[in-house]
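The values are calculated or read from the model by the stated rules, or taken from the named source; none is laboratory data. The structure displayed is predicted, hence computed values, not measured ones. We place every Cβ from the backbone using ideal geometry, glycine too, and count neighbours over all the protein chains shown. Side chains are part of the model used for accessible areas, which takes the heavy atoms of the whole protein and leaves out ligands, DNA and RNA. Shrake-Rupley method; radii C 1.70, N 1.55, O 1.52, S 1.80 Å.
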Amino acid sequence: MAKFAPDSTLEGLLAQVALADEMYVCSAQPTNYADIANSDLVGPITLTPGNGNGDFTYADGDTNGRKVTVAAQNGASVIASGTATHIVLATGGATDLLRYITTCTSQALTSGNTANVGAWDVEVADPV
């Protein structure tokens, strides 16, 4: 018998990512929410959590499974100069949780300028 997971199961993990209400561009990978402050170059960029609310959209994966696409964020203020290496999704406020971290193309950012973060996705493959 083949392994199988319905879309709703795969979306359960993606739903945790889509709970993020903040995005940061960092110069290093933070180890916890408080650590974002040590490498934050851009952020927080305010996000609207949840599928289909504007910043997160579920869809079929590129090959199989499911994915959540994070919408592009343009014109975000650069608050510190440094080399961007990571994009961080987090939930701020009372929870202060890291939701997802990915790498980005390394690029120098200068305080006082603006930065754009293109759309990107998190994909969960079907079980094999």
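Descriptive notes on the structure:
- Condition check for Gly54: in contact with a strand residue (DSSP E or B) (Cβ under 9 Å, 6 or more places away or on another chain) and small (Gly, Ala, Ser): no
- Qualifying residues in the stretch 103-128 (those that are open to solvent by 80 Å² or more (accessible area, probe 1.4 Å) and among the aliphatic types (A, V, I, L, M)) - the one farthest from Thr31 (Cα to Cα): Val128
- Total residues in the stretch 63-78, condition in a loop (DSSP other than H, G, I, E, B) and surrounded by 16 or more Cβ atoms within 10 Å (Cβ to Cβ): 2
- Test for Tyr100: is it within 30 Å of Lys3 (Cβ to Cβ), open to solvent by less than 80 Å² (accessible area, probe 1.4 Å), of a type in the set (Phe, Trp, Tyr) and part of a strand (DSSP E or B): yes
- Candidate set from the stretch 79-97 (those that are at pLDDT 95 or above and among the β-branched types (Val, Ile, Thr)); member that is surrounded by the most Cβ atoms within 10 Å (Cβ to Cβ): Val88
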